[in-house]
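Presented below is the structure to which this report refers.
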Amino acid sequence: MSKKRGLGFYADIYRKILIQDLKSKMSYRADFVISTFGMIMTNLSGFVTFMILFHNFPTINGWDYYHMLFLYGFSLVALTPVQCFFDNNWNLRFMVQSGDFIKYCFRPVNVFFYFMSEVFDVKGLGQLAFGIGTIVYAWIHIGIPVTPLVILKLVVFLFTASLFMIAIMNIAAATCFWIKGSGYVMVIMFRFKDFAKYPSSIFSGVFKVIFTFIIPIAFVAYYPSLVILQPDNVPLLSWLSPLLGLIFFWLSYKFWMLGVRKYDFTGS
Amino acid sequence: MNPRRLIALTRAGIMESLHFRLGIFVTLFANLIYLVLVYYLWKAIYDSSGTDVVNGMTFTDTMIYLILATALFNFLEMFVVWDMSRSIQSGKIVLDLLKPMRFRIYTFWSYSGSHVVQFVLTFIPTFIVVMIVTGGAIKMGINLLWFVIATVFALIINYSIEMMVAPICLYTESTWGINIVKETIVLLLSGASIPLAFFPEKVRMIVDYLPFRAVYDIPLTMLLGKNGSDTPEGLLKMFGLQLAWILILTVAGNLFWNHAVKKITVNGG
């Protein structure tokens, strides 16, 4: 067997692990239904907050209701992959502390891949549906032309945007290899996502830099969505977001794996 | 009930939470970052609106309201739902039920220590920062006393809501789902996500009488001296609402718990 395995090999493994995970989840059917309901509730509550906000204020920083809704839907879809595929990050600290994490190090597959593949969070699909619905609704009202090119752009930039939140959560979770209270770090970072749905043009000064390049919530929806919303006036950072997304993801992956290596060396 | 026993539980709780100092520090730090985010967001919102006062709330009022709502959220946060489902799974709940004290009272007082610590170490510093940032927009007077009293009532109501929700897990075996539904409803309808003053008139008529409002909105309204809380009648009405909900939720919670406790099955011996 060659050392470097292809994408097909990993896709096959992922499918097998996913089926096992779904089977085990199906045995708690009530939990599944209530969790999905809960997820939809959180999205609905975000939506209601929006309605109330615009009930009082016609625009926010030059953004009207439908443009903001588009941004909101965009952020929901962009946050789906981190919810669906990378949810196991939340269990990392328990596994590391209890020592169970060692089992991932003994498999002949990539540790990061194997760890993440173990959990597929079905609740995220409710969010995905809600997000797509919101985008379509806003899209119709804004009157953006539907061409294959725009759709392609949307898909590419949604994918791009999702990388940033994944990177943030990878780094937050990986802090558990070094510090004990990493649960708090994760909770805080996760709460930042609530601000992804607002245009980042509201920030100024040093905080603009922080929320763009250090904790990149400006890229979770704002910059990538401008490609669709303002096709005539796209900032450079929007075009750069695919590249930046890959860099952030790669850095977070390296950081995560650095933690794993450190964990290996502690032995016992 | 012997108060010395209750104080002992509080003390144990204080010592336990002081053990997690990093968590307290991180919460405080998070509150400060949250302050920055709320500041920019609402500044943009108020700048676009063109007026200084919207629904009786100025920019400063809104900021104080939302940041202190978050600080209150951290301070009031209880993990009754999680703890209960965990102690049912591990069987620890049997020991708690055997304690020579009512389960409801025991649980409340064992959380009280962490409330004290959170209040002193995260709420008060956040409060001071907000005070400095807003340049003394918080009135320093009798409203502080009303705020503290209302917060104690809010604590009891919040606990009662938790105790209403936690036993549901005994029936459904779903912790995450139940907890998120509860949290979403409480945060939205209590004014923690967006001040209740901004809600449309018709919705407010209903929301005003729900118990969730008593958790965040009433203490904060009293602190800001809004909505008639600077008059005796206004105060009486708000405290009355809080006390009524404490009574209703305690009775209902007790009935529900007495029914649910019979459902507990603990595996193993």
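Key figures for this structure:
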item: Exclusive hit being of a type in the set (Gly, Ala, Ser), more than 19 Å from B:Glu77 (Cβ to Cβ), surrounded by 14 or more Cβ atoms within 10 Å (Cβ to Cβ) and in contact (Cβ under 8 Å) with a residue 40 or more places away in the chain, set B:Ala260, B:Ala166, B:Ala252, B:Ala192; result: B:Ala260
item: Subset of the stretch A:169-193 [assigned to a loop (DSSP other than H, G, I, E, B) and not hydrophobic (A, V, I, L, M, F, W, C)]; result: A:Lys180, A:Gly181
item: Breaking point among (1) of a type in the set (Phe, Trp, Tyr); (2) over 17 Å from A:Ser225 (Cα atoms); (3) modelled with pLDDT of 90 or more, for A:Tyr114; result: (3)
item: Per-region count, the stretch A:193-215, residues buried (at least 18 other Cβ atoms within 10 Å of the Cβ) and more than 10 Å from chain B (Cβ to nearest Cβ); result: 4
item: Any hit, the stretch B:7-21, residues being more than 9 Å from chain A (Cβ to nearest Cβ), under 25 Å from B:Asn179 (Cα atoms), in contact with a Gly (Cβ under 9 Å, 6 or more places away or on another chain) and among the small types (Gly, Ala, Ser); result: yes
item: Count of the stretch B:208-227 residues which are part of a helix (DSSP H, G or I) and under 25 Å from B:Val130 (Cβ atoms); result: 11
item: In the stretch B:102-136, the residues that are in contact with a helix residue (DSSP H, G or I) (Cβ under 7 Å, 6 or more places away or on another chain) and not in a helix (DSSP H, G or I); result: B:Thr134
item: Residues located in the stretch B:190-207, provided they are at the interface with chain A (Cβ under 10 Å from one of its Cβ atoms) and assigned to a loop (DSSP other than H, G, I, E, B); result: B:Ser193, B:Ile194, B:Pro195, B:Phe199, B:Pro200
item: Every residue from the stretch A:33-64 that is aromatic (Phe, Trp, Tyr) and either in contact with a Ser or Thr (Cβ under 8 Å, 6 or more places away or on another chain) or outside any helix (DSSP H, G or I) (or both); result: A:Phe47, A:Phe57, A:Trp63
item: Leading residue by the ranking (farthest from the other protein chains (Cβ to nearest Cβ)) among those in the stretch A:13-58 that are surrounded by 16 or more Cβ atoms within 10 Å (Cβ to Cβ) and among the hydroxyl-bearing types (Ser, Thr, Tyr); result: A:Tyr14
item: Hey, B:Val26 crowded, with 17+ Cβ neighbours inside 10 Å, within 9 Å of chain A (Cβ to nearest Cβ) and in contact with a Phe, Trp or Tyr (Cβ under 6 Å, 6 or more places away or on another chain) or not; result: yes
item: Selected residue (only one of A:Tyr72, A:Tyr10 is more than 14 Å from chain B (Cβ to nearest Cβ), assigned to a helix (DSSP H, G or I) and at pLDDT 80 or above); result: A:Tyr10
item: Flag for B:Thr62 being within 14 Å of chain A (Cβ to nearest Cβ), farther than 25 Å from B:Tyr111 by Cα and part of a loop (DSSP other than H, G, I, E, B); result: no
item: The stretch A:13-51, subset closer than 22 Å to B:Trp176 by Cα and aromatic (Phe, Trp, Tyr), residue modelled with the lowest pLDDT; result: A:Tyr28
item: Number of the exception - B:Val94 against (1) surrounded by fewer than 19 Cβ atoms within 10 Å (Cβ to Cβ); (2) within 13 Å of chain A (Cβ to nearest Cβ); result: (2)
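One line per residue, one yes/no per condition, for (1) closer than 25 Å to A:Ile215 by Cβ; (2) part of a helix (DSSP H, G or I):
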site: A:Phe94; (1), (2): yes, yes
site: A:Lys103; (1), (2): no, yes
site: A:Phe113; (1), (2): no, yes
site: A:Phe120; (1), (2): no, no
site: A:Trp139; (1), (2): no, yes
site: A:Val146; (1), (2): no, no
site: A:Lys153; (1), (2): no, yes
site: A:Thr160; (1), (2): yes, yes
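The values are calculated or read from the model by the stated rules, or taken from the named source; none is laboratory data. This is a predicted model, so every value here is computed, not measured. As a convention, Cβ positions derive from the backbone with ideal geometry for all residues, glycine included, and neighbour counts pool all protein chains shown.
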